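These notes concern the structure reproduced below.
Readers should treat all values here as calculations from the given coordinates under stated rules, not as data from a laboratory. Nothing here was measured: the structure is a model prediction, and the numbers come from that model. Positions of Cβ are backbone-derived with ideal geometry, glycine not excepted, and every protein chain shown enters the neighbour counts.
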Amino acid sequence: MRYEATPNAHTDFKLERDARNKSFSVDEEFRDASSNWRAMALERKYMNSFSWLGRPLIQFPGDVMAVQELISAIRPTVVIETGIAHGGSLILSSSMLKLNDIDGKVIGVDIEIRPHNRDAIESHRHADLITLYEGSSTDPKIVEQIRSHVGPADTVMVFLDSNHTHDHVLGELNAYSNMVSVGSYLVVFDTHVEDMPDSYVWHNRPWGKGNNPKTAVHEWIKNNDNFEIDNDIENQVLITSAPDGFLFRRS
Ligand SMILES: C[S@@+](CC[C@H](N)C(=O)[O-])C[C@H]1O[C@@H](n2cnc3c(N)ncnc32)[C@H](O)[C@@H]1O
């Protein structure tokens, strides 16, 4: 990864960790087992069971760890999230800013914020950093409203987790990537849709193999070489919904 998660750890620890993560990148048996496990978990909606500080979030636990490392290491002052659902990921980001003593804010957008979710998010003890927008994340008016929260001195991190079709994610990448600070990350969740077995049926979902966040990332990155895919994060986490989805802005 392009950040140091453990700045104060002993050098031997870091070298050992980095070597272990590198070994995972070529450990086919472990990778296949992780990928099979992830597919079984998705089929069973495993990641719909968790919550963060009382709000449900729809993430693999490993991705929660990745978000924790990213926020702690990069120290964003603005976190932008598309796809709110029950609000757990917004509360995760907000609480991480506070735990890291970062004077920051979290902006969330969802096409539909159900009243009970809005109430629960807005009355949460970590809601004070959060601003909610209701509408499509690719609606130019919403994008401009969100952009207005970003100042020249901000460090911005973006998490995309809304509609998982190719076109929608491509639209989000085009709309939000230029808000991401150099040295920070744009994370595209649910790229693992592309890696699900051919037999997997996406009931009532417009996305699937060939039409998903990973296909959007692969198309988009060809014309955006100021970003690079940081595979080191997925090599560490392994059970992540975001393979090829951790995008580092290098210039
Ligand atoms: C996977 S959930 C988000 C999960 C959340 N980030 C978490 O970790 O708990 C996806 C959300 O995207 C929202 N969504 C769907 N289409 C959207 C769009 N065009 N713009 C914004 N949000 C959208 C859905 O309403 C849903 O709440």
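Observations on the model:
- Estimated FRET transfer efficiency when R0 is 22 angstrom, pair K22-R2 (beta carbons, to 0.05): 0.90
- Bridgeable lysines around K14 (alpha carbons under 19 Å apart, same-chain partners fewer than 8 residues away excluded): K22.
- The region of the chain that goes longest without hitting one of the GluC sites (Glu not before Pro) in a DSSP loop, each with at most 14 other Cβ atoms within 10 Å, is 113-251.
- Measuring nothing but how far apart in sequence close Cα pairs (under 8 Å, 6+ apart) lie, relative to its length, region 11-249 scores a relative contact order of 20 percent.
- Tensor-based shape of region 196-251 (alpha-carbon gyration tensor, a/c under 1.5 rounded, otherwise prolate or oblate): oblate
- Qualifying lysines (Cα of each under 18 Å from Cα of K222; at least 8 residues distant if same chain): K214
- Under the shape rule built on the C-alpha gyration tensor, where the axes satisfy a ≥ b ≥ c, the chain is rounded, since a/c falls short of 1.5.
- Residues T240, T131, T82, T11, sorted so that the one with the fewest Cβ neighbours within 10 Å comes first: T11, T131, T240, T82
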